[in-house]
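Shown next, in structure tokens, is the structure this report addresses.
What follows is calculated from the coordinates using simple rules that are stated; it is not laboratory data. Only a predicted model underlies this, so the values are computations on that prediction, with no experimental measurement involved. Cβ atoms come from the backbone with ideal geometry, glycine included; neighbour counts cover every protein chain shown.
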Amino acid sequence: MVSPRSTTKYKPRQPDLFGYRKPRAPQRYLAHMIDVGDHGCIYEPGNTCVALFSCARCGWESGWIERQNKTHVLRGVACAKCNDQPQGSLAG
Ligand SMILES: [Zn+2]
């Protein structure tokens, strides 16, 4: 009699393809550019200008933010106040 002695103790890893959703921050309230310029500073690689954004809804002001180019500037940034929701981060 040979007793089966299993040494396979590992559990098969289940890929969690479901259940993970790419978080997508809903940028409902945008702060729009109120000023843009070149301060003559050294920017982060890939950035060419700085811009100041203000939210028409709450008056929030972004401060000077480096942007890649004017197109990115015109796109605006999400207002930190109006989009202040617990579940979402405003990264980007
Ligand atoms: Zn706002």
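Quick look at the values:
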| read-out | value |
| --- | --- |
| Integer Hz, Karplus 6.51/-1.76/1.60 couplings in order for the stretch 46-57, x for Gly and Pro | x, 9, 10, 7, 10, 9, 10, 10, 9, 8, 6, 7 |
| Contour excess over end-to-end distance, with Cα ends at ASP35 and TRP64 and 0.36 nm allotted per residue | 9.5 nm |
| Evaluated at q = 0.21, 0.22 Å⁻¹: base-10 log I(q)/I(0), Debye formula over Cα of the stretch 30-78 | -0.63, -0.68 |
| Ranked list, fewest to most other Cβ atoms within 10 Å of each Cβ, for ARG28, ARG13, ARG67 | ARG13, ARG28, ARG67 |
| Summed side-chain charge close to VAL50 - residues other than VAL50 whose Cβ falls under 14 Å, Lys, Arg +1, Asp, Glu -1 | -3 |
